[in-house]
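No value in this document is a laboratory result; all are computed from the given coordinates. A quick note: this is a predicted structure, and the numbers were derived from the prediction, not measured. With ideal geometry, Cβ positions are generated from the backbone for all residues, glycine too; neighbour counts draw on all protein chains shown.
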Amino acid sequence: MMAKILVTGGTGYIGSHTVVELQKEGFEVIIVDNLSNSNIDVLNGIEKISGIRPAFENIDCVDYVSMDRMFEKYPGIEAIIHFAASKAVGESVEKPLLYYRNNLVSLINLLQLMPIHKVKNFVFSSSCTVYGQPDELPVTEKAPIKPALSPYGNTKQIGEEVIQDTIHSNSFYKSIILRYFNPIGAHPSAEIGELPNGVPNNLLPFVTQTAIGLRKELKVFGEDYNTPDGTCIRDYINVVDLAKAHVISVKRLLEEKGESPVEIFNLGTGRGLSVLEIIQTFEKVNDVKVPYQIVGRREGDIEQVWANPSHANNVLGWKAQETVEDTLKTAWTWEKRLAKLREEKKQTEE
Ligand code: UD1
């Protein structure tokens, strides 16, 4: 068995896919998650894919004392991948203190506990949201950080600064900050995938839920942007590809290959797709209709952003592999799986 890795938020969307990829590479995984936006059944999905049930602790990373005990219980953790965070932009505008507390106190607790428990290596989930609307596209890691448009976005910017300042003050730590573009899709086995709580905020779960009939129609937010078809452009990245970047990052930290104590990488495909292109491609590859209506712009939306992933390609040695067509197929297979599970549940209740 290789190194022990702590994955906070390991039952969440990106977390669960990363756990599977870590296990595939022989790492021993400990998940800490308070299940605030995920389901304990995800552990069954992980076990079905990898054949290994990861250790699981239902703890809120905001709870310093419980986290301290957790590190005592699992001595020898060598790296942390910190996913656990609240991520709904709209909710963060309504409940800023919840977001600042959850996202920042969790991070500070982990950074404080790391030297006490001799854990040196830290991978942080950040977002392309830190770039706002970049002046140049595709966006590189050198692009300036723009004022955050939401408390959620601000927690990612402040989080990156907290890590930078901590590492600047103490050479004990090593960190890799990963700036995700738009993760989509599900594991090809359809054992794990995205499980949005209530009405989805993000585009893909709304597309799949509309296609399956859970939602009447998709609202396309704005067609008067300065883009070829007038709708916003994003860099949609396969979630398994994204998960693999975390495994590579952990290995890089453990092998002490970093060029500096903190390294930052964009994780995207390098290709921008519009909302309409996503809908059309989804319909075509899955042979299913997605009824939609064009409505007004969504407040705070960025017009267009896609990654220059060269730094991750050349330095990290990671590249997005999956096509958007295949990724959109996995998203649909997962939604159909969820529909089947709902049907089975209904039948057992009757
Ligand atoms: C959003 C957040 C971003 C966060 C990411 C996490 C905003 C402004 N940004 O990114 O900070 O890191 O989620 O997952 O909220 N769209 C529709 N109809 C819908 C849903 C979305 O047309 O029902 C469009 C949006 O206008 C956007 C694109 O689809 O152009 C992608 O939206 P979404 O999936 O919410 O991601 P982001 O806005 O890029």
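Holding the Cα-Cα limit at 31 Å, pick out from K24/K257; K95/K340; K48/K87; K73/K340; K95/K336; K73/K346 the pairs that are longer than that.
Working: K24/K257 22 Å; K95/K340 35 Å; K48/K87 27 Å; K73/K340 38 Å; K95/K336 33 Å; K73/K346 40 Å.
Checking Cα-Cα distances, K95/K340; K73/K340; K95/K336; K73/K346 exceed 31 Å.
For the pair Q321 and I294 in one chain, pulling the backbone fully straight at 0.36 nm per residue adds 6.5 nm over the alpha carbon distance. Restricting the range 150-236 to GluC sites (Glu not before Pro) that sit in a DSSP loop and have at most 13 other Cβ atoms within 10 Å of their own Cβ leaves E217.
As a length-normalised measure over Cα pairs under 8 Å and 6 or more apart, the relative contact order of the range 4-344 settles at 19 percent.
Computed from phi, the 3J(HN,Hα) profile of the range 262-271 under the Karplus parametrisation 6.51, -1.76, 1.60 (θ = phi - 60°) reads 10, 10, 10, 9, 6, 10, x, 8, x, 10 Hz, with x in place of Gly and Pro. Starting from the exponent 0.38 and prefactor 2.2 Å, build the expected Rg for the chain from its residue count and divide its actual Cα Rg by it. Cα-based Rg divided by the globular estimate yields 0.96. The H on the amide N of L218, modeled in the peptide plane, is under 5 Å from the matching H of Y292, Q293, each at least 5 residues off or on a different chain. What number comes out for the charge environment of G76, summing +1 per Lys or Arg and -1 per Asp or Glu over other residues with Cβ under 13 Å away? So the environment of G76 carries a net charge of +1. Remark: the range 17-28, residue by residue, has Karplus-estimated 3J(HN,Hα) of 5, 6, 4, 4, 5, 5, 4, 4, 8, x, 6, 8 Hz, where x stands for each Gly or Pro and the curve is 6.51 cos²θ - 1.76 cosθ + 1.60 at θ = phi - 60°.
Using the Karplus relation 6.51 cos²θ - 1.76 cosθ + 1.60 with θ = phi - 60°, the per-residue 3J(HN,Hα) values for the range 240-256 come to 6, 4, 4, 4, 4, 4, 5, 5, 4, 5, 4, 4, 4, 5, 5, 8, 6 Hz, with x marking Gly and Pro. Near the amide H of V29, within less than 5 Å, lie the amide hydrogens of I5, A55, all on another chain or at least 5 residues away, with H placed in the peptide plane. The dipole here belongs to the chain: it is taken about the Cα centre, uses +1 on the Cβ of Lys and Arg and -1 on the Cβ of Asp and Glu, and is about 340 debye.
The GluC sites (Glu not before Pro) of the range 58-103 include none that meets both criteria, a DSSP state outside H, G, I, E and B (loop) and at most 14 other C-beta atoms within 10 angstrom of the site's C-beta. Listed peptides 98-109, 7-18, 234-245 appear in the order 7-18, 234-245, 98-109 once ranked by packing, highest mean of other Cβ atoms within 10 Å at the front. Summing charges over neighbours of I237, with a neighbour being any other residue whose Cβ is under 10 Å away from its Cβ, gives -1 when K and R count +1 and D and E count -1. With viscosity 1.567 mPa s and temperature 4 °C, the Kirkwood radius over alpha carbon pairs of the range 169-236 converts through Stokes-Einstein to a diffusion coefficient of 85 µm²/s. For Q304, the residues whose amide H sits under 5 Å from its own are I233, ignoring neighbours fewer than 5 places away on the same chain, with H placed 1.01 Å from N.
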